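So the structure is just underneath, and the comments pick up after that.
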Amino acid sequence: INHCLLCVCQGAVHSKQYMRGDQLAEELLASSEKLNYLWGIEMSRHFLGDCALGNKNFKESEMRYGLGVETALKYGTVFLAAADLQGIAFSVSGQSRWAKSIRLDAAASKKAGELGTSMYGVAVFWDEWIDTYIKAARENLGEELTQMYEEEGRNMGFEAAVAYALDFDKD
């Protein structure tokens with residue numbers, strides 16, 4: 001039943017029903033914690049970030065994705081940690097914190113590449129967010145600054161990128 005709840009929650013998020021998805025993700029988190037269902041805990045934290053971002057509550061989504069990064073790393077799900085890191089990149093872009101957005105996006109994309117995958121193509125709504133939030137950061141910074149911040153993000157290392165992302169007051 002709990003796993004089915006995860007699937008229903010995912011369906012709500014993917015179909016952009018963020019208010020419903022938020023409610024389901026809260027329920028999924030409580031149920032998964034009670035059952036010690038690690039995948040449910042990880043995904044509920046991710047979905048909570050998605051719902052806040054979908055509702056354009058950028059500060060809240062930054063915090064929620066931060067919990068998602070910590071949870072995914074605690075359980076060793078590195079790709080999900082990279083996705084949550086990119087979620088923070090979207091969130092800070094929504095706050096017009098362009099440099100941090102580009103650095104974190106580059107770090108998340110590099111980690112995904114190291115894992116043999118890409119952040120793009122995971123879900124339609126996620127691709128739309130890449131196209132919206134990362135594109136906005138690029139446009140606001142210009143090509144030269146974007147390239148500089150991307151290089152910084154790729155070179156900082158994943159662990160340092162996580163620490164940087166979780167310093168919510170930095171940049």
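The values are calculated or read from the model by the stated rules, or taken from the named source; none is laboratory data. Everything numeric here is computed off the predicted structure, so don't read it as measured data. Cβ placement follows ideal geometry from the backbone for every residue including glycine, while neighbour counts extend to all protein chains displayed. To get the accessible areas, we keep the full protein, side chains included, count just its heavy atoms, and leave off ligands, DNA and RNA. Shrake-Rupley method; radii C 1.70, N 1.55, O 1.52, S 1.80 Å.
Looking only at the range 139-171, which residues are small (G, A, S) and surrounded by fewer than 15 Cβ atoms within 10 Å (Cβ to Cβ)? G142, G157, A160, A163 - these are the residues of the range 139-171 that are small (G, A, S) and surrounded by fewer than 15 Cβ atoms within 10 Å (Cβ to Cβ). Check whether at least one residue in the range 82-97 is on the phi < 0 side of the Ramachandran plot, surrounded by fewer than 24 Cβ atoms within 10 Å (Cβ to Cβ) and aliphatic (A, V, I, L, M), and report yes or no. No: zero hits. Pairs meeting the criteria (first residue in the range 4-21 and part of a helix (DSSP H, G or I), second residue open to solvent by less than 80 Å² (accessible area, probe 1.4 Å) and among the aromatic types (F, W, Y), beta carbons under 8 Å, at least 6 apart or on different chains) are C9/F47; Q10/F47; A12/Y18; V13/F47; V13/F125; H14/F125; G21/F47. Residues that are of a type in the set (S, T, N, Q) and assigned to a helix (DSSP H, G or I) were ranked within the range 25-70; the one that is surrounded by the fewest Cβ atoms within 10 Å (Cβ to Cβ) is S31. Per this entry, L115 is not counted among residues that are of a type in the set (A, V, I, L, M, F, W, C) and under 16 Å from D171 (Cα atoms). Within the range 115-124, can one find any residue that is buried (at least 16 other Cβ atoms within 10 Å of the Cβ), on the phi < 0 side of the Ramachandran plot and within 16 Å of the chain's Cα centre (by Cα)? Yes, the range 115-124 has at least one match.
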